[in-house]
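Everything on this sheet refers to the single structure shown next.
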Amino acid sequence: MPLSNRSKRQVGALAFSLAITLAAMGTGPGASAASSTEPIPGGYSTWGEFFTVQNQLDELADKAQKADLTAGGKGFGSAIVSAQNRELALYWKGRIPQSIENILQRAPSSIKVKRLTARHSMLEMQQAADYMAHQRGSNRARIVRAYPNADASGITVGVSGSVQEIQGLEAVRKSSVPVRFSSEPELTPTADRHNDTAPYKGGAAWFSAGQCSTGFGVKIAGRPQMLSAAHCAEKGWNVRFGSLDNPVAGKVVDEDLSLDVSVLDVPSTSRIYRKMINSPWTSEVRVGMGTHVGDVVCTGGSRSGENCNIHVWAVEVSQGDIRHLAAGKQWNNKTAVAYGDSGGPVFVPCANTGCSGVAAKGIISQGGGPVQCGPGLPTGTVCTSIVGFQPISYALSSFSATLLTS
């Protein structure tokens, strides 16, 4: 179904900047690294140890991808991180340059790097996926999204309805890369931290046309502002916190509909809400990090609170006019997001065991795959096991913003 009843802009450039500060994360007093009580994979003693390794893998993949983009983006195909196996699988088209090998060789000795052959570069697959995502279907079949395969072999087209009908499209026959098909649920916008006050924090409930969530505080042209989801309200609309009856706190001042990210001009801070929807506990944002297939992330929207053990299975997803989404599913088919979480933060606990901070990963955009909500959520809440989110790197680059960090 349509993501919004408003017209949408497109961004033509494929290249992007991974200009996120990959600084060391500070330590400090705090609770356990994740709120989940589920078993920790990979034989780790704590979630803090798990995320330490995952963040090392992500940083290594980020550096390799950024270096390739700087050189024209012809080699990097994909990266799959596995903190469980302490392994990075790097798919590369052609021979890996020495400059990239130098990056890989500086990886911690505990991490294994597998070098695998990519049939296509990420940029080639991005272009093909974006083209397919804009193809028209029919009442019986519709392309709901398209994204690069994790093994860099081509793209996958997610179909709602008859796969056979979509396979017959001329665009499929003329695709520049191989196309595989998958029957997938549609993802729709997920729109309390309900009593936040200035300076505002991520994961709080805000209202314009309906309920949405704040994402991460940022600084744009020297001014603290807040990221959220563009489908929540149009540019120029008022922003209220807590309910529609409360005073106007600011306005939506900018938006990038091709990313489904907006900017709220409200006083903001570097903290996000954690734990359950009625929890007053917050954490500092320490850093921003890239997102790769295999990552395990948490969401923190205002409607469903904190949800973890969400496994990223696709990146660079094109869905309609929205590009660059990452898609994740809760491992045990529990809640990933709920309607009302749109615009909220996607994050991982920081790398240091016992640290109270988080690393920003993205902004909640979509949800799909209905599941039964957990205890403590308001009556009528609609929960889903799948989340689509916009990686923080694209959001920051679009608005020339920097994260507010402690």
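Since every read-out is calculated from the coordinates, none of them should be taken as a lab result. Owing to the predicted nature of the structure, the values given are computational and were not obtained by experimental measurement. Positions of Cβ are backbone-derived with ideal geometry, glycine not excepted, and every protein chain shown enters the neighbour counts.
For the cross-link pairs Lys112/Lys219; Lys114/Lys201; Lys66/Lys329; Lys112/Lys361, the ones whose C-alpha atoms lie over 30 Å apart are Lys112/Lys219; Lys114/Lys201.
From least to most packed, judged by other beta carbons within 10 angstrom and beginning with the fewest, Thr299, Thr405 follow the order Thr405, Thr299.
The separation of the range 317-349 from the range 158-236, counted between C-alpha centres, amounts to 8 Å. Among the listed values (i) 444; (ii) 145; (iii) 132, the one computed from these coordinates for volume of the Cα convex hull per residue in Å³ is (iii).
For the range 163-244, pairs of C-alpha atoms spaced more than 15 angstrom apart make up 68 percent of the total. Relative to the Cα centre, the charge distribution of the range 304-388, modelled as +1 at Lys and Arg Cβ and -1 at Asp and Glu Cβ, gives a dipole magnitude of about 120 debye. Average 1/r across all pairs of distinct alpha carbons in the range 198-249, invert it, and you get the Kirkwood radius: 11.4 Å.
Neighbour counts of other Cβ atoms within 10 Å put Phe399, Phe389, Phe50 in the fewest-to-most order Phe399, Phe50, Phe389. Most simply put, the chain has about 80% antiparallel DSSP beta bridges, counting only bridges with both residues inside it. As a rough guide to protection, the peptides 205-217, 303-315 ranked by mean Cβ packing within 10 Å, highest first, stand as 205-217, 303-315. Sorting 142-150, 237-245, 55-63, 102-110 by their mean Cβ neighbour count within 10 Å, with the most densely packed peptide first, gives 142-150, 55-63, 237-245, 102-110. When only C-alpha pairs under 8 Å and at least 6 residues apart count, what is the relative contact order of the range 122-183, in percent? Averaging sequence separation for qualifying contacts and normalising by length gives 33 percent for the range 122-183.
Once you order the gyration tensor axes a ≥ b ≥ c over the Cα atoms, which shape class does the range 188-403 get: rounded for a/c under 1.5, otherwise prolate or oblate by comparing a/b with b/c? The shape class here is rounded. Bridge orientation summary for the range 41-117: considering DSSP beta bridges with both residues in this region, about 50 percent are antiparallel. Taking the average, over residues, of other Cβ atoms within 10 Å as the packing measure, peptides 363-376, 283-296 rank 283-296, 363-376 from highest down. Placing one equal scatterer on every Cα of the range 322-406 and applying the Debye formula, the log10 ratio I(q)/I(0) at q = 0.17, 0.23, 0.24 Å⁻¹ is -0.79, -1.12, -1.16.
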